[in-house]
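The values are calculated or read from the model by the stated rules, or taken from the named source; none is laboratory data. What you see is a predicted model; the values in this text were computed from it and never measured. Positions of Cβ are generated from backbone atoms using ideal geometry, with glycine treated the same way; all protein chains shown enter the neighbour counts.
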Amino acid sequence: MCGRFALATPPEAMRQMVDFSNRINFPARYNIAPTQPVSIIRATPGNEMALLSWGLVAPWLSAEQVGDKSARPQINARAETITQKPSFKNAFRRRRCLIPADATYEWDRKIGQPYRIHRKDEAVFFMAGIWEIWEGADGSEIESCAIITTAANDVLSAVHHRMPALIAPSEAQAWLSTPETQAHSLLPLLGDAVQAEFTASPISKRVNKVSEDDVRLWDEHRVTPPEDLAADQMDLF
């Protein structure tokens with residue numbers, strides 16, 4: 001699962017890795033949570049960056065269902081069933097996107113310790129995503145997205161059994177623009193990423209509160225990694 005992440009890399013830096021035509025400004029975010037706006041890159045038909053609500057809203061839902069505050073948003077879509085689930089299969093065929101991040105967060109539930117999962121070189125990375133559009137009878141629209149997840153590799157499973165599926169910049173255009181009739185050819189891209197490129201760092205437990213959103217979250221930790229996450233096992237993803 002991916003339930004929180006961070007993005008502080010400016011759009012111009014991301015454009016050097018994955019091209020998109022428009023200019024969009026957004027503040028650095030260090031504790032992005034479900035239902036909040038997130039930056040995505042999509043092909044419509046040229047690549048563009050857009051802000052969408054995190055939590056996929058299926059197009060067939062009624063206005064009452066969409067407005068139900070007790071309903072849990074579909075923030076993740078499992079790679080293993082993405083071609084089968086009614087909520088996700090059409091979006092996978094027709095509306096794929098990239099969701100950039102500088103880090104995702106996972107928790108060691110045994111000790112309640114959050115970890116920042118990030119590239120060792122601190123570079124931005126791109127999570128595989130899908131997006132959808134819901135249209136109300138009154139003409140209102142909601143554009144929303146979900147992060148595709150896959151089974152964690154043996155190292156990451158020490159913290160959590162799921163991880164985001166990542167798309168390399170070299171595969172970005174194929175992911176965004178492959179025709180729907182060939183979408184199945186993209187499934188091999190949704191495996192786990194290279195372990196050696198990522199690491200996990202303990203962070204402040206302030207991240208548990210959605211309102212806490214600043215870079216100090218990454219530095220305010222006073223914890224020794226648990227024994228099952230020893231130094232030679234901290235390379236996640």
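Some notes on this structure:
- Inspection of region 30-49 identifies at least one residue that is among the small types (Gly, Ala, Ser) and over 24 Å from Glu122 (Cβ atoms).
- The listed residues are Asn76, Asn47, and the only one of them that is touching a residue at least 40 places away in the same chain (Cβ under 8 Å) and under 29 Å from Arg206 (Cα atoms) turns out to be Asn76.
- The set of residues in region 60-84 that are under 21 Å from the mean Cα position of the chain (by Cα) and assigned to a loop (DSSP other than H, G, I, E, B) comprises Ala71, Arg72, Pro73, Ile75, Ile82, Thr83, Gln84.
- Any hit, region 176-187, residues being assigned to a strand (DSSP E or B) and surrounded by 17 or more Cβ atoms within 10 Å (Cβ to Cβ): no
- Answer from Ser53, Ser87 - the residue that is touching a Leu at 6+ places or on another chain (Cβ under 7 Å) and either among the hydroxyl-bearing types (Ser, Thr, Tyr) or assigned to a loop (DSSP other than H, G, I, E, B) (or both): Ser87
- Residues of region 100-120 that are charged (D, E, K, R), touching a residue at least 24 places away in the same chain (Cβ under 8 Å) and outside any strand (DSSP E or B): Asp102, Lys110, Lys120.
- Test: residue in region 79-94 that is of a type outside the set (A, V, I, L, M, F, W, C) and under 24 Å from Ala6 (Cβ atoms): no
- Given (1) among the hydrophobic types (A, V, I, L, M, F, W, C); (2) at pLDDT below 95; (3) under 30 Å from Ala137 (Cβ atoms), index of the condition Met1 fails: (3)
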